[in-house]
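The values are calculated or read from the model by the stated rules, or taken from the named source; none is laboratory data. What you see is a predicted model; the values in this text were computed from it and never measured. Cβ coordinates were reconstructed from backbone atoms using ideal geometry, including for glycine residues, and neighbour counts include every protein chain displayed. Each accessible area value is taken on the protein alone, full model and side chains, heavy atoms only, with ligands, DNA and RNA left out. Shrake-Rupley method; radii C 1.70, N 1.55, O 1.52, S 1.80 Å.
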Amino acid sequence: EGSFRSDRSSVLPIANNRYNYSSISGSVIISQLLDLSWLSFAKLRANYATVGNDVDPYRVFNTYAINPGFKGQASASNRRTFNNENLRAETTQETEFGIETQFLNGRVGANLSVYKRITDDLITPVDISGASGATANYVNGGSVENKGVELVLNVSPIETKDFGWDIKFNYAKNKNTVLSLA
C-alpha cells in the first residue's frame, strides 16, 4: 500500500506553505506460505511514512497586543514572542518493522514492533535578548529522534464453552534523543 499527500497551510508563509508527505507499507502472511500445524498465524510487516505538521495560527507575522483600556485609553505593545515570516512545516519520518504470531490455535501469541521516528524543523520559541523588544522568537529549531520497541504477549490458559481466560502482557521501551537545537 502507498499514499501521497500534498497540503497547503494557511498559517505558514506563502513561500513555505506547501508540504508533501507519503507512506508505503507492506506485509507478508508467512503462515499461508508454510504448512505448520503448530503455527496458527504469522505475519511480517514493514512501514515507512513521512508526515508534515504546520504551526498554530498567528505565528508568522508580528502584530501588536492590544492591552485593556485604562480610563478609556487603550494601548498597544509588542508581544513577548516575535513571530517568523520564514517558518517551514515540521517533518517527521518513521520506519517500523513488526511480526505478529499465533500458536496452538490462537491460544498463545506475540506481537513485536520496532520503530524509529525523526522529527526535523521543530517549530519552537527560542530565547532572545530582551533588548530586542521581545524575549523569544519562533524558529525551525531542532530535531528529535524517538526509537523503541513494543512487545505484546498473549495466552489463553482456559477456554471452555462457557468460560474463557485471556492474559496479555505488554512491554514498551522508548528512547528519545535530541539531535539538534537552535
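Average accessible surface for the chain: 69 Å² per residue, computed with a 1.4 Å probe over protein heavy atoms with every protein chain in place. Positive contributions from Lys and Arg (+1) and negative ones from Asp and Glu (-1), summed over other residues with Cβ under 12 Å from the Cβ of residue 134, come out at +1. On the chain, 54 percent of the accessible area sits on carbon and sulfur atoms, based on a 1.4 Å probe.
Computed over neighbours whose Cβ is under 12 Å from that of residue 115, the net charge equals +2, Lys and Arg +1, Asp and Glu -1. A simple charge model with +1 on the Cβ of Lys and Arg, -1 on the Cβ of Asp and Glu and nothing else charged puts the dipole of the chain at about 420 debye relative to its Cα centre.
Derived scalar couplings between HN and Hα for region 65-74 equal 8, 8, 8, x, x, 10, 6, x, 10, 7 Hz in order, rounded to whole Hz, by the Karplus curve 6.51 cos²θ - 1.76 cosθ + 1.60 (θ = phi - 60°), x for Gly and Pro. Checking (1) 149; (2) 137; (3) 204 against volume of the Cα convex hull per residue in Å³ calculated from these atoms, the matching label is (3).
Phi-derived couplings, Karplus 6.51 cos²θ - 1.76 cosθ + 1.60 at θ = phi - 60°, listed residue by residue for region 121-130: 6, 4, 8, 9, x, 10, 4, 9, 5, x Hz, with x used for Gly and Pro. Candidate cross-link partners of residue 147 among the lysines, defined by an alpha-carbon separation under 19 Å and a same-chain spacing of 8 or more, comprise 116, 173, 175. Residue-wise HN-Hα couplings along region 86-98, as the Karplus relation 6.51 cos²θ - 1.76 cosθ + 1.60 with θ = phi - 60° gives them from phi, are 10, 5, 10, 5, 5, 10, 10, 10, 9, 10, 9, 10, x Hz; Gly and Pro carry x. Put a dot 7 Å past the Cα of residue 86, heading toward its Cβ, do the same for residue 112, and the two dots end up 4.7 nm apart.
Summarising the label geometry, the points placed 7 Å from Cα in the beta-carbon direction at residue 162 and residue 37 lie 3.2 nm from one another.
Ligands, DNA and RNA excluded, the heavy atoms of residue 103 present near 60 Å² of accessible surface to a 1.4 Å solvent probe. When 147, 175, 71 are compared by accessible surface with a 1.4 Å probe, the order from highest to lowest is 71, 175, 147. In percent, rounded to a whole number, the relative contact order of region 26-92 is 30, using alpha-carbon pairs under 8 Å and six or more apart.
Ordered from highest to lowest accessible area with the whole protein assembly present and a 1.4 Å probe, 33, 151 read as 33, 151. By the rule of a C-alpha distance below 19 Å, with chain neighbours fewer than 8 residues away ignored, the aspartates and glutamates paired with residue 43 are 1, 35, 96, 100, 150.
Applying the criteria of a DSSP loop state and at most 15 other Cβ atoms within 10 Å to the trypsin sites (Lys or Arg not before Pro) of region 87-137 yields 107.
Within region 59-91, find all residues whose amide N lies under 19 Å from a label point positioned 7 Å from the Cα of residue 126 along Cα-to-beta-carbon. Only 59-62, 80-91 fall inside the zone, counting backbone N under 19 Å. Sorting 5, 45 by accessible area puts them as 5, 45; the probe is 1.4 Å, largest comes first, and only protein heavy atoms count.
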